[in-house]
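Undergrad: Below: one structure in structure tokens.
The values are calculated or read from the model by the stated rules, or taken from the named source; none is laboratory data. Given the structure is predicted, the values throughout are model-derived calculations rather than measurements. As a convention, Cβ positions derive from the backbone with ideal geometry for all residues, glycine included, and neighbour counts pool all protein chains shown.
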Amino acid sequence: MTQQQPLMATPLSADVCAAIDRWIAKYPPEHKDSAVMGALRVVQEANGGWLTTELMDAVADYLEMPAISVYEVATFYSMYELKPVGRHKICVCTNVSCMLCGSDEIVTHLQQRLGIGFGQTTADGRFTLKEVECLAACGNAPMMQIGHTYYENLTPEKVDAILADLS
């Protein structure tokens, strides 16, 4: 089943709408709002890694749900960004397992190496550093996620090698 694009002007491209339609198809028609997380991810990726109010409103319109419900999802989950981020968003887990295995050392190393704190982006726009809750890789802590890739069993030396590969 394919969702018809709204007749009003929308900031969502045809490709984005098609990707959202694939998420909508996973749910019963009367629950298409259940596709909100997938839709937000699609829209965020298409917008360079962050969501504007206009884009969240367009998702709400497309899914025929209240805009406030979309805002609630976008502000609750750490995977959504409401301001521009660097080309590489570094998400460092600081939850219990990672903390016990040395995430504090990794955070300090990243902050010193990049010259930024959590929630900040390097002046060249290459890196954003973000503190996140558990990323479900506790057995290989400490860890971080960049894009769709998990980096586990981190040491400062491994972090340096990862950053060098991204340069």
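Undergrad: What residue, of Asp61, Asp104, is within 18 Å of Leu135 (Cα to Cα), surrounded by fewer than 18 Cβ atoms within 10 Å (Cβ to Cβ) and out of contact with any His (no Cβ under 8 Å at 6 or more places or on another chain)?
TA: On the way: Asp61 fails: within 18 Å of Leu135 (Cα to Cα).
One residue alone meets the criteria, Asp104.
Undergrad: Return yes when Gln5 is modelled with pLDDT under 95 and surrounded by 13 or more Cβ atoms within 10 Å (Cβ to Cβ) and no when it is not.
TA: Working: modelled with pLDDT under 95: yes; surrounded by 13 or more Cβ atoms within 10 Å (Cβ to Cβ): yes.
Answer is yes for this residue.
Undergrad: Among the candidates Met79, Met99, single out the residue that is among the aliphatic types (A, V, I, L, M), surrounded by fewer than 18 Cβ atoms within 10 Å (Cβ to Cβ), outside any loop (DSSP other than H, G, I, E, B) and touching a strand residue (DSSP E or B) at 6+ places or on another chain (Cβ under 9 Å). It would help to see each step written out before you state the result.
TA: Values: Met79 fails: outside any loop (DSSP other than H, G, I, E, B).
It is Met99.
Undergrad: Under 9 Å between Cβ atoms, at least 6 apart or on separate chains: pull out the pairs that start in the stretch 102-116 with a residue that is part of a loop (DSSP other than H, G, I, E, B) and end on any residue that is surrounded by fewer than 14 Cβ atoms within 10 Å (Cβ to Cβ) and at pLDDT 95 or above.
TA: Gly102/Thr155; Gly115/Ala123; Ile116/Ala123
Undergrad: Give the stretch 132-163 a look and list any residue that's buried (at least 16 other Cβ atoms within 10 Å of the Cβ), part of a strand (DSSP E or B) and of a type outside the set (Phe, Trp, Tyr), or say none.
TA: The answer is Val132, Met144, Gln145, Ile146.
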